[in-house]
Amino acid sequence: MSERATANRVLLMNTLAFTVCFAVWTLYGVLITFLVDNRYLVIDKGQIGWLIGIPVLTGSVMRLPVGLLTDRYGGKPVYLAVMVFSALSLFVTSQATSFAGFMVGGLLFGMSGASFAVGIAFSSVYFPQERQGTALGIFGMGNAGSAITTLAAPTMLKAFTDGGKQIEGWRTLPMVYGVALLVMAGLFALLTTNRRVEHSGQRSIGEMLSPLRDVRVWRFGLYYFLVFGAFVALAQWLVPYYLNVYGMSLAMAGLLASVFSLPSGVIRALGGWASDKFGARATMYWVLSSCALFFFLLVAPRMEIESPGEGVMAERSGVVVAASTRDIVVDTAPPGAAMPELKTYGLKVEEPIDPGKLAEGVFVWPTFRSWQVAEVKPGQTVKRKEILARGVTHVYFQANVWVFTGLVFLAGIMMGIGKAAVYKHIPEYFPHDVGVVGGLVGVIGGLGGFFCPILFGYLLKLTGLWTSCWLFLALLSVVCLVWMHLVILRMTRGQASNR
């Protein structure tokens, strides 16, 4: 078999294995939400964030040592070990009965997330530098595994538990995932050929870790914290988000969450191609700018606010003759005058929103209404500049679910492109340390997937706003964009001064 055919076969198997591992890694987003929704687990939102994030913690922290092992021994034995360990851990998880038990299970099967560091290094050694962006982008399509979970897991849970009537049936789900991992491991063992980075076996651990002193590695890690870590977090967080904010069923919430996660995973291949063609730096400019814009647009919550508006003041002193919802009449004649001098003040009348439109969810933009309410009564004496009617302004923002989903979809697309662009940098700057550097960048990115759900949970408890997560992500996007721009400006000035 030709070298190119071997490379393509290994890339295919790496991608398929990563897809299954990623589906396992994000399992708790659906499973824990289902168990909490059915009162099997009685925990608060902060604890939900911990359980959703705990598998991500293991998968993140283990990426660096797994990357080291891959550089030293090659991807095949390490990938197989990761899959088999994760599969056995899923069988342990299926026996959990308490919050602590689920924590332990998540810590164990979270090892599946470390498969990313293996696949990146194992794929890169088969392709020349000019094709590595595309190859790693194709491998990264395995992120779509999260969409498989958000789409399929709710339906399987419904079937296994008879619609929630036999709640103990949930234990079948992690077993099914465990069997899928073992099957994938068997195929991987049969259809891949091992290879490792040249000379990696002769280098000490210290030499292999030396690139980690480069600040550039940590900057790439911050980018990945946003485009990958936040992606992992949102792929799971969007399920309870749709349940609570829009009142969706679990199955519908999973379907809409997959609108974010599935295209983001698949589009990663396009990100690799764009990085090869236009450069990773230019691609990241588009990614970070777009993410900042989309996240800021998502910040506005569903809301209904009444605020003081424009009122009506008396132009002259007098006595109120009549007051209704439509007008106020004031006699402004001096005391003892033979004839009254009536002054009529027209009022804005409240125009109610059509209840049918409220139910249909047709509003895209915030709806503003204003009206005035009389503050005086007939026979009351008023002075000039005294308030006759109080103004009321009503703001209603539906945060239309389809507009929301569209913005989330676009953000997911840009995050998918960004994931490939970040990893395009690594073989360019660190061609002999892809496993180690890719492992550390993956650790930082994966930690985003761990910390973000926890942070989202505490922001929700602190502010009472589900949209607080979008504000955090918008600000993080701006920080990444500014840091990257400042570094590029400094590099540009340095090149100009050397001419």
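The values are calculated or read from the model by the stated rules, or taken from the named source; none is laboratory data. As the structure is a computational prediction, the values presented were derived from the model and not from experiment. Virtual Cβ from ideal backbone geometry, glycine too; neighbours counted across all protein chains shown.
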Worksheet item: Which of the residues that make up the range 451-497 are surrounded by fewer than 18 Cβ atoms within 10 Å (Cβ to Cβ), outside any helix (DSSP H, G or I) and not hydrophobic (A, V, I, L, M, F, W, C)?
Response: 464
Worksheet item: Just checking, how many residues over the range 58-84 are under 30 Å from residue 159 (Cβ atoms) and surrounded by fewer than 22 Cβ atoms within 10 Å (Cβ to Cβ)?
Response: 1
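Name the residue that is nearest to the chain's Cα centre (by Cα), counting only residues in the range 148-179 that are closer than 24 Å to residue 264 by Cβ and β-branched (Val, Ile, Thr).
Residues of the range 148-179 that are closer than 24 Å to residue 264 by Cβ, as a first pass: 148-157, 173, 177.
Within this subset, residues satisfying the condition of being β-branched (Val, Ile, Thr) are 148-150, 155.
Numbers: 148: 16, 149: 15, 150: 13, 155: 22 Å.
Going through the qualifying residues, I end up with 150.
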Practice prompt. Please give the number of the condition residue 95 fails out of (1) buried (at least 20 other Cβ atoms within 10 Å of the Cβ); (2) more than 22 Å from residue 194 (Cβ to Cβ).
Written response: (1)
Worksheet item: Do the conditions hold for residue 108, that is, is it of a type in the set (A, V, I, L, M, F, W, C), buried (at least 17 other Cβ atoms within 10 Å of the Cβ), at pLDDT below 90 and in the same structural domain as residue 22 (by TED's automatic domain parsing)?
Response: no
Worksheet item: In the list 271, 336, which residue meets the criterion of being modelled with pLDDT under 80 and farther than 26 Å from residue 230 by Cα?
Response: 336
Worksheet item: Residues in the range 299-311: is at least one modelled with pLDDT under 90, of a type in the set (Gly, Ala, Ser), under 30 Å from residue 242 (Cα atoms) and surrounded by 11 or more Cβ atoms within 10 Å (Cβ to Cβ)?
Response: yes
Worksheet item: Of the residues that sit in the range 366-425 and are in contact with a strand residue (DSSP E or B) (Cβ under 6 Å, 6 or more places away or on another chain) and of a type in the set (Ser, Thr, Tyr), which one is nearest to residue 323 (Cα to Cα)?
Response: 381
Worksheet item: Which of the helices (runs of 4 or more DSSP H) contained wholly in the range 246-341 include at least 3 residues that are among the polar types (S, T, N, Q)?
Response: 250-266, 280-297
Worksheet item: Among the residues of the range 33-42, is any closer than 30 Å to residue 126 by Cβ, crowded, with 24+ Cβ neighbours inside 10 Å, assigned by TED's automatic domain parsing to the domain that holds residue 110 and hydroxyl-bearing (Ser, Thr, Tyr)?
Response: no
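Scanning the range 219-257 for residues that are of a type in the set (S, T, N, Q) and either surrounded by fewer than 24 Cβ atoms within 10 Å (Cβ to Cβ) or touching a strand residue (DSSP E or B) at 6+ places or on another chain (Cβ under 6 Å) (or both), which turns out modelled with the highest pLDDT?
Of the residues in the range 219-257, the ones of a type in the set (S, T, N, Q) are 236, 244, 249.
Applying the additional criterion that residues be either surrounded by fewer than 24 Cβ atoms within 10 Å (Cβ to Cβ) or touching a strand residue (DSSP E or B) at 6+ places or on another chain (Cβ under 6 Å) (or both) yields 244, 249.
On the way: 244: 86, 249: 83.
My answer is 244.
Go through 73, 79, 40 for me and flag whichever is modelled with pLDDT of 85 or more and either under 30 Å from residue 167 (Cα atoms) or among the acidic types (Asp, Glu) (or both).
Answer to the check: 40.
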Response to the item:
Within the range 267-298, of all residues that are surrounded by 15 or more Cβ atoms within 10 Å (Cβ to Cβ) and among the basic types (Lys, Arg), the one nearest to residue 371 (Cα to Cα) is 268
Worksheet item: What single numbered condition from (1) closer than 30 Å to residue 366 by Cα; (2) without any contact (Cβ under 8 Å) to a residue 24 or more places away in the chain fails to hold for residue 243?
Response: (2)
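In the range 59-73, which residues are among the aliphatic types (A, V, I, L, M) and either under 27 Å from residue 28 (Cα atoms) or in contact with a strand residue (DSSP E or B) (Cβ under 8 Å, 6 or more places away or on another chain) (or both)?
Going through the range 59-73, the residues among the aliphatic types (A, V, I, L, M) turn out to be 61-62, 64, 66, 68-69.
Passing the criteria: 61, 62, 64, 66.
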Worksheet item: When the range 369-400 is examined, which residues are found to be under 50 Å from the mean Cα position of the chain (by Cα), over 14 Å from residue 345 (Cα atoms) and not aromatic (Phe, Trp, Tyr)?
Response: 369, 370, 392, 393, 394, 395, 398, 399, 400
Discussion item. Of the residues 188, 160, 122, 116, only one is free of Cβ contacts under 8 Å to residues at least 40 places away in the same chain and crowded, with 16+ Cβ neighbours inside 10 Å; which?
Written reply: 160
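Regarding residue 127, is this residue assigned by TED's automatic domain parsing to the domain that holds residue 87, surrounded by fewer than 24 Cβ atoms within 10 Å (Cβ to Cβ) and farther than 23 Å from residue 92 by Cα? Steps first, answer last, please.
Working: assigned by TED's automatic domain parsing to the domain that holds residue 87: yes; surrounded by fewer than 24 Cβ atoms within 10 Å (Cβ to Cβ): yes; farther than 23 Å from residue 92 by Cα: yes.
It is true that residue 127 is assigned by TED's automatic domain parsing to the domain that holds residue 87, surrounded by fewer than 24 Cβ atoms within 10 Å (Cβ to Cβ) and farther than 23 Å from residue 92 by Cα.
Every residue in the range 334-355 that is among the aliphatic types (A, V, I, L, M) and either within 15 Å of residue 379 (Cβ to Cβ) or not assigned by TED's automatic domain parsing to the domain that holds residue 385 (or both), please. Full working, then the answer.
Taking the range 334-355 and keeping what is among the aliphatic types (A, V, I, L, M), we get 337-339, 342, 347, 349, 353.
If the condition is that a residue be among the aliphatic types (A, V, I, L, M) and either within 15 Å of residue 379 (Cβ to Cβ) or not assigned by TED's automatic domain parsing to the domain that holds residue 385 (or both), then 342 is the only one that fits.
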